[in-house]
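Trainee: To start, I am sharing the structure in question, which I have written as structure tokens.
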Amino acid sequence: MAPRTDLWLQNLLDERDGAALYEGLATLERDAAKARSFREIADAERRHADIWVRRLQKEGVALPPDRPSSRVRALLWLARRLGTASVLPMVVDAETKDADKYLSMGGDKDAEAIAAEEHEHRAVLQGMGKGTTTEARGLIAERERWHRSGRAGSIRAAIFGINDGLISNLSLVLGVAGAGVSGDSILVTGLAGLLAGASSMAVGEYSSVAGQRDLLARQVELERREVMEAPEEEAAELALIFKQKGLSTEQASRTAAEILKNPEQAVDTLVREELGLDPDDLGSPMGAAVSSFFTFAVGATVPVVPFLFLQGRAAVGLATGLAFAVLACVGGLVGFLSGVSPLRSALRMVGLAALAAGITYGVGRLLGVAVS
């Protein structure tokens, strides 16, 4: 197969994957407007796929079966359990990558047109994560400066917890090992580091989410008060939001007036569209604390386990090897879900961990004696 048709075939697979992903997200999304946006993007991806189908058929290339890749299935699995917002950052990254790929096909008018649409998709997806369009948010924010941004994703928090626990405890264990203390002392130090770090993460996450929840609840309450005290202004904000979604001025005003007849529905709509919040899901401080404790503990356990069975250099070597293997798997998974090279992502994560652990081990060597 010629290099040109190889590229077209890969483009076809990418576009089919994109269509399957957005179709799946549309079925999982509870917000009607966002679900519609997902379906529109899926339709565009199907149109892009048809371009490469026609080219490949013209060259007599057999088309592969239209099945979603394992990456798409994994993203939809996560979205089904954690919500579509949890995978949006990775989907946005993939759209950027696709646009850059098509722009690199210099002189291909179809590719240039697809790249422009991919950039539009990226803007739409970014807007989903923020509640409404940049222009509408800017105009509303000029009048209501108490609005603040939302929260980070569950997947990123879990990865951060595991990485933090693993790297910090590996560095601690290697630093103590470098100082030449006994295996039992290293084990006690590692277990103490595990409990102290996990407890610190849990307390910090509880305080952070509790404070954030109070702030978000305050924003919802302020929105409710404004609906009750200044319905005309809130109707104007709703109309602006609907205009940004494509309704005419008359339709937007009529829809806003209809929604304002039910104050609670108006509050719910404004909170979701204007603030990008789900009033029924402002975060659980206890849930965040427990999750942070266990994700940190899982990572911190890895470099400690070898010292339960081994001593000296053997334990240090196995602890380091296990830690790097787990980090490589986590890094590869992040790359896989983000649509970038899993190998490069894994090597980057292992390299940074090696730098941190190497520094603490070196400091330990300077302060003590080599492991016997």
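The values are calculated or read from the model by the stated rules, or taken from the named source; none is laboratory data. As the structure is a computational prediction, the values presented were derived from the model and not from experiment. Using ideal geometry, Cβ is built from the backbone for each residue, glycine included, and neighbour counts are taken over all protein chains shown.
Trainee: Sort out which residues of segment 306-345 are part of a loop (DSSP other than H, G, I, E, B) and in contact (Cβ under 8 Å) with a residue 24 or more places away in the chain, and write them in order of number.
Mentor: First, the residues of segment 306-345 that are part of a loop (DSSP other than H, G, I, E, B): 309-311, 339-341.
Matches in segment 306-345: LEU310, GLN311, GLY339, VAL340.
So that you can scan it fast, the table gives a plain yes or no per residue for (1) buried (at least 21 other Cβ atoms within 10 Å of the Cβ); (2) charged (D, E, K, R); (3) modelled with pLDDT under 80; (4) not assigned by TED's automatic domain parsing to the domain that holds ALA210:
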{"residue": "GLU232", "(1), (2), (3), (4)": "no, yes, yes, no"}
{"residue": "ALA235", "(1), (2), (3), (4)": "no, no, yes, no"}
{"residue": "GLY246", "(1), (2), (3), (4)": "no, no, yes, no"}
{"residue": "SER253", "(1), (2), (3), (4)": "no, no, no, no"}
{"residue": "GLU264", "(1), (2), (3), (4)": "no, yes, yes, no"}
{"residue": "ARG272", "(1), (2), (3), (4)": "no, yes, yes, no"}
{"residue": "ASP278", "(1), (2), (3), (4)": "no, yes, yes, no"}
{"residue": "LEU282", "(1), (2), (3), (4)": "no, no, yes, no"}
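Trainee: Could you tell me which of the residues ALA99, ALA49, ALA42, ALA116 is surrounded by 17 or more Cβ atoms within 10 Å (Cβ to Cβ) and at pLDDT below 90? Spell out the reasoning first.
Mentor: Values: ALA49 fails: at pLDDT below 90; ALA42 fails: at pLDDT below 90; ALA116 fails: surrounded by 17 or more Cβ atoms within 10 Å (Cβ to Cβ).
Going through ALA99, ALA49, ALA42, ALA116 in turn, just one is surrounded by 17 or more Cβ atoms within 10 Å (Cβ to Cβ) and at pLDDT below 90: ALA99.
Trainee: For segment 328-355, give me the residue count where each residue is of a type in the set (Val, Ile, Thr) and at pLDDT 85 or above.
Mentor: At the first step, the residues of segment 328-355 found to be of a type in the set (Val, Ile, Thr) are 330, 334, 340, 350.
Now restrict to residues that are at pLDDT 85 or above: 330, 350.
Number satisfying all stated conditions: 2.
Trainee: Can you find a residue that is of a type in the set (Ser, Thr, Tyr), more than 17 Å from GLU117 (Cβ to Cβ), within 19 Å of the chain's Cα centre (by Cα) and assigned to a helix (DSSP H, G or I) anywhere in segment 63-70?
Mentor: Yes - at least one qualifying residue is present in segment 63-70.
Trainee: With the checklist (1) surrounded by 19 or more Cβ atoms within 10 Å (Cβ to Cβ); (2) over 30 Å from LEU75 (Cβ atoms); (3) of a type outside the set (A, V, I, L, M, F, W, C) in hand, flag the one item GLY211 doesn't pass.
Mentor: Result: GLY211 fails condition (1) only.
Trainee: Follow-up question, since we're still on this one. Hey, can you tell me all the residues within segment 154-176 that are touching a Leu at 6+ places or on another chain (Cβ under 7 Å) and modelled with pLDDT under 80?
Mentor: Across segment 154-176, the qualifying residues are SER154, ILE155.
Trainee: If THR27 satisfies all but one of (1) under 17 Å from ALA85 (Cβ atoms); (2) at pLDDT below 90; (3) polar (S, T, N, Q), what's the number of the condition it fails?
Mentor: (2)
Here is a yes/no grid of residues against (1) farther than 26 Å from PHE242 by Cβ; (2) in contact (Cβ under 8 Å) with a residue 40 or more places away in the chain; (3) assigned by TED's automatic domain parsing to the domain that holds VAL340:
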residue: ALA20; (1), (2), (3): yes, yes, no
residue: ASP31; (1), (2), (3): no, yes, no
residue: ARG55; (1), (2), (3): yes, yes, no
residue: ASP66; (1), (2), (3): yes, yes, no
residue: SER86; (1), (2), (3): yes, yes, no
residue: ASP93; (1), (2), (3): yes, yes, no
residue: ASP100; (1), (2), (3): yes, no, no
residue: ALA113; (1), (2), (3): yes, no, no
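Trainee: Of the residues LEU194, LEU222, only one is in a helix (DSSP H, G or I) and in contact with a Gly (Cβ under 8 Å, 6 or more places away or on another chain); which?
Mentor: Values: LEU222 fails: in contact with a Gly (Cβ under 8 Å, 6 or more places away or on another chain).
Exactly one residue qualifies, and that residue is LEU194.
Trainee: Just to be sure before I move on: is GLU15 assigned to a helix (DSSP H, G or I), closer than 30 Å to GLN265 by Cα and at pLDDT 90 or above in the structure I sent?
Mentor: Details: assigned to a helix (DSSP H, G or I): yes; closer than 30 Å to GLN265 by Cα: no; at pLDDT 90 or above: yes.
No, not satisfied.
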